[in-house]
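Asker: I have a structure here, written as structure tokens, and I will follow up with some questions on it.
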Amino acid sequence: MSKIIVAPSVLGADFGNLQRDVELLNRSEAEWIHIDVMDGVFVPNISFGFPLLHAISKHSKKVNDVHLMIVQPEKYFQQFRDAGAHNITIHYEAVTHLDSAIHQIKKTGARAGVALNPSTPVSVLREIIHLLDLVLIMSVNPGFGGQKFIPYSTRKVREAKELILTSGSSARIEVDGGVGLNNAEELANAGADILVAGNAVFGSADPLKTISDLANVCV
């Protein structure tokens, strides 16, 4: 089985020492940095936007994996790309014209992903799976870090993997929410390619080792 991509979420970082934490990630085995953008409308929390992404991009040597938990995300794709996004993931539940939005993301040069809330079935992606670079399975209800992993998310990872294989899509599966060393192997075995970890990394006594352990969980 191939090595897992670890995408530490800066939502768990120390914003007062953000450059320090990004530089720590640069020294780690993490390949991506996950950046959660929340608007207080689609989710009950507000995080950050273009200025913080731009600040991270100035120091990051990793792939900037931007997760838009916002309404009307199509208004901002080019701005997020210009601020340093390599991946732009939008929520199925937040977009009316999903096919069009995916094409708009790709037009910016970014990889396109679609996230599914816990109660949204994988089957809604059947008609557009061939267009996607990423499928993000939310394993908590979006909005806040530090939540407990929802167990049926593992089944959804398996379903997403089956859909990808049967459709011939090259999309990769990302899992976000309550991910740590206690469930990383289970998720990898189910078909996950990318694991987002916030508190598990930044709350660790040794973040570099935790990232390494996650990345090598199934090598």
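The values are calculated or read from the model by the stated rules, or taken from the named source; none is laboratory data. Here the structure is a predicted model, which means the values were calculated and not measured. Using ideal geometry, Cβ is built from the backbone for each residue, glycine included, and neighbour counts are taken over all protein chains shown.
Asker: Taking region 51-68 only, how many residues are within 18 Å of ALA112 (Cα to Cα) and of a type outside the set (D, E, K, R)?
Answerer: To start, the set of residues in region 51-68 that are within 18 Å of ALA112 (Cα to Cα) comprises 53, 62-68.
Next, only the ones that are of a type outside the set (D, E, K, R) stay: 53, 63-64, 66-68.
Result for region 51-68: 6.
Asker: Okay, moving on. I want to confirm something. Restricting to region 152-178 and keeping residues that are over 22 Å from MET69 (Cβ atoms) and of a type in the set (A, V, I, L, M, F, W, C), which single residue is surrounded by the fewest Cβ atoms within 10 Å (Cβ to Cβ)?
Answerer: Per the stated criteria, the residue is LEU165.
Asker: Check whether at least one residue in region 114-135 is in contact with an Asp or Glu (Cβ under 8 Å, 6 or more places away or on another chain) and under 23 Å from ALA13 (Cβ atoms), and report yes or no.
Answerer: Yes: region 114-135 contains one or more residues that are in contact with an Asp or Glu (Cβ under 8 Å, 6 or more places away or on another chain) and under 23 Å from ALA13 (Cβ atoms).
Asker: Kindly establish whether THR166 is farther than 19 Å from PRO8 by Cβ, part of a helix (DSSP H, G or I), of a type in the set (S, T, N, Q) and at pLDDT 95 or above.
Answerer: Numbers: farther than 19 Å from PRO8 by Cβ: yes; part of a helix (DSSP H, G or I): yes; of a type in the set (S, T, N, Q): yes; at pLDDT 95 or above: yes.
Here the answer is yes, as THR166 does meet what is asked.
Asker: Quick check on my filter: what residues within region 115-127 are surrounded by fewer than 16 Cβ atoms within 10 Å (Cβ to Cβ) and either within 17 Å of the chain's Cα centre (by Cα) or of a type in the set (Val, Ile, Thr) (or both)? Break it down into steps so the answer makes sense when it comes.
Answerer: Of region 115-127, the ones surrounded by fewer than 16 Cβ atoms within 10 Å (Cβ to Cβ) are 118-119, 121, 123-124, 126-127.
Once the filter is applied, which keeps residues that are surrounded by fewer than 16 Cβ atoms within 10 Å (Cβ to Cβ) and either within 17 Å of the chain's Cα centre (by Cα) or of a type in the set (Val, Ile, Thr) (or both), region 115-127 yields PRO118, VAL124.
Asker: Hey, another quick one. Give me the pairs: first residue in region 163-180 and more than 23 Å from HIS34 (Cα to Cα), second residue assigned to a strand (DSSP E or B), beta-carbon distance under 7 Å, and six or more apart or on different chains, which are they?
Answerer: none
Asker: Let me ask another. Applying the selection to region 179-198, what residues are surrounded by fewer than 23 Cβ atoms within 10 Å (Cβ to Cβ) and farther than 18 Å from ASN64 by Cα?
Answerer: Here is the first cut: in region 179-198, the ones surrounded by fewer than 23 Cβ atoms within 10 Å (Cβ to Cβ) are 180-183, 185-186, 188-191, 193.
GLY180, LEU181, ASN182, ASN183, GLU185, GLU186, ALA188, ASN189, ALA190, GLY191 - these are the residues of region 179-198 that are surrounded by fewer than 23 Cβ atoms within 10 Å (Cβ to Cβ) and farther than 18 Å from ASN64 by Cα.
Residue-by-condition table, conditions (1) more than 16 Å from the chain's Cα centre (by Cα); (2) on the phi > 0 side of the Ramachandran plot; (3) of a type outside the set (Ser, Thr, Tyr):
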| site | (1), (2), (3) |
| --- | --- |
| HIS67 | no, no, yes |
| GLN72 | yes, yes, yes |
| HIS86 | no, no, yes |
| ILE90 | no, no, yes |
| GLY113 | no, no, yes |
| LEU131 | yes, no, yes |
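Asker: If you go through region 18-38 one residue at a time, how many are of a type in the set (D, E, K, R), buried (at least 21 other Cβ atoms within 10 Å of the Cβ) and assigned to a helix (DSSP H, G or I)? Don't jump to the end; show me each part of the working.
Answerer: Just the residues of region 18-38 that are of a type in the set (D, E, K, R), to begin with: 20-21, 23, 27, 29, 31, 36.
Right, trim to buried (at least 21 other Cβ atoms within 10 Å of the Cβ) and you get 21, 36.
Those left that are additionally assigned to a helix (DSSP H, G or I): 21.
Residues that pass the stated criteria total 1.
Asker: In addition: Out of (1) of a type outside the set (S, T, N, Q); (2) under 23 Å from VAL135 (Cβ atoms); (3) surrounded by fewer than 20 Cβ atoms within 10 Å (Cβ to Cβ), what's the single condition that is false for VAL66?
Answerer: (3)
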